[in-house]
1. May I ask you to verify whether residue 81 is over 12 Å from the mean Cα position of the chain (by Cα), surrounded by 17 or more Cβ atoms within 10 Å (Cβ to Cβ) and not in a loop (DSSP other than H, G, I, E, B)?
2. Right, residue 35: surrounded by fewer than 17 Cβ atoms within 10 Å (Cβ to Cβ), free of Cβ contacts under 8 Å to residues at least 60 places away in the same chain and not assigned by TED's automatic domain parsing to the domain that holds residue 200 or not?
3. Out of all the residues in region 40-59, which are over 18 Å from the mean Cα position of the chain (by Cα) and either surrounded by 12 or more Cβ atoms within 10 Å (Cβ to Cβ) or part of a strand (DSSP E or B) (or both)?
4. Any chance region 163-180 includes a residue that's touching a strand residue (DSSP E or B) at 6+ places or on another chain (Cβ under 7 Å) and at pLDDT below 90?
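The values are calculated or read from the model by the stated rules, or taken from the named source; none is laboratory data. Small disclaimer: the values here were computed from a predicted structure and weren't measured. Here the Cβ positions follow ideal geometry from the backbone for every residue, glycine too, while neighbour counts run over all protein chains shown.
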């Protein structure tokens, strides 16, 4: 997936901001569609596939958080960048809990938004191995993670990973057996400003997909006061 020329959907109930973002992001080389609320966003998503959603949190009716959570439950893995007027840590964590890949507080510099979009698109790009790259797929019980394709496969087929989940698993797989601090993980997945709690949220989401019992993890372990470690195995 390229850094530019991506298909973006901007969802915000502020008509002026929608227009500004559509024009600015188009100048960055992207193809930009807009929606004023969740209903318009659903219609746009039904009509075409997007590379990334820029989604406002505070919208009348179905909020951005509710829409993101519903899309994730429905199996959509398109990256989501949340916009909100509330930028404290609890709000950022709520965004990640509802399926966001990144979070940007209003007011923001459009150049920072463009940079965040480029980062997310690079992170979600297929055939982009982490550095250093692990040697081949990583076994996690009956599932295998292929870092070259950012794919998690099992007896049931390919399991859906969001961009954030794939980036987290790739970062841990690249240093399998090593304990990574939350700060190292946040830097590796491109969200250093999001804080430690957001890493914990991403870990919780990932465990639901790789562990038989997320409450008793076999592969993704918490090392108290230090961070997390991935221990592959049968």
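1. In short, no.
2. In short, no.
3. Within region 40-59, 40, 41, 42, 44, 58, 59 meet the criteria.
4. no
Residue-wise test of (1) surrounded by fewer than 22 Cβ atoms within 10 Å (Cβ to Cβ); (2) assigned to a helix (DSSP H, G or I); (3) at pLDDT below 95.
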{"site": "2", "(1), (2), (3)": "yes, no, yes"}
{"site": "26", "(1), (2), (3)": "yes, yes, yes"}
{"site": "69", "(1), (2), (3)": "yes, yes, yes"}
{"site": "75", "(1), (2), (3)": "yes, no, yes"}
{"site": "94", "(1), (2), (3)": "yes, yes, yes"}
{"site": "100", "(1), (2), (3)": "no, no, yes"}
{"site": "107", "(1), (2), (3)": "yes, no, yes"}
